[in-house]
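**Student:** One structure follows; several queries about it will come next.
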Amino acid sequence: MAWFYLFIAGLLEVGWAIGMKYTDGFTRFWPSVGTIAAMIVSFAFLSQALKSLPIGTAYAVWTGTGAVGTVILGIVLFRESRDPVRLLCVFAIVAGILGLKLTSK
């Protein structure tokens, strides 16, 4: 269950990272409410995952999932760069996440 909680926490991290773009510096009410809610729930799921996963692994996977998801949505939603070197770096993060998952007990 811990890996499921961590996956949900990572998805919610993507949500709040992208949400911050829409808050306009936390000056727009509803985007700000949604972003803060996603932050709180993301941390709650992360804390549940930490009950049984090592902190280093869980934190790296959580931030890695958030980073990869945010880069992908940045490309899709905001037309950010699709430079091959940038995408290779994202792939390296994914490989690291998978490596941590496969070597974790």
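**Student:** If you take the residues in the stretch 9-30 that are crowded, with 17+ Cβ neighbours inside 10 Å and free of Cβ contacts under 8 Å to residues at least 40 places away in the same chain, which one is farthest from ALA67 (Cα to Cα)?
**Tutor:** Once the filter is applied, the top-ranked residue is THR23.
**Student:** I've got another one for you. Does the stretch 60-73 contain at least one residue that is out of contact with any Ser or Thr (no Cβ under 7 Å at 6 or more places or on another chain), within 25 Å of LEU98 (Cα to Cα) and surrounded by fewer than 16 Cβ atoms within 10 Å (Cβ to Cβ)? Explain how you work it out, then say what you get.
**Tutor:** Let us first name the residues in the stretch 60-73 that are out of contact with any Ser or Thr (no Cβ under 7 Å at 6 or more places or on another chain), namely 60-73.
Checking which are within 25 Å of LEU98 (Cα to Cα) leaves us with 60-73.
Of the ones still in play, those that are also surrounded by fewer than 16 Cβ atoms within 10 Å (Cβ to Cβ) are 63, 72.
There is at least one residue in the stretch 60-73 that is out of contact with any Ser or Thr (no Cβ under 7 Å at 6 or more places or on another chain), within 25 Å of LEU98 (Cα to Cα) and surrounded by fewer than 16 Cβ atoms within 10 Å (Cβ to Cβ).
**Student:** Can you run down the residue pairs with Cβ atoms below 8 Å, 6 or more apart or on separate chains, where the first is in the stretch 68-97 and farther than 16 Å from LEU11 by Cα and the partner is of a type in the set (Lys, Arg) and assigned to a helix (DSSP H, G or I)?
**Tutor:** Qualifying pairs under 8 Å: PHE78/LYS21.
**Student:** Related question: Here are some residues: GLY19, GLY15, GLY34, GLY25. Which one is at pLDDT 95 or above and on the phi > 0 side of the Ramachandran plot?
**Tutor:** Of GLY19, GLY15, GLY34, GLY25, the one residue that is at pLDDT 95 or above and on the phi > 0 side of the Ramachandran plot is GLY25.
The values are calculated or read from the model by the stated rules, or taken from the named source; none is laboratory data. Computed from a predicted model, the values in this text were never measured in an experiment. Every residue, glycine among them, receives a Cβ derived from its backbone with ideal geometry; neighbour counts consider all protein chains shown.
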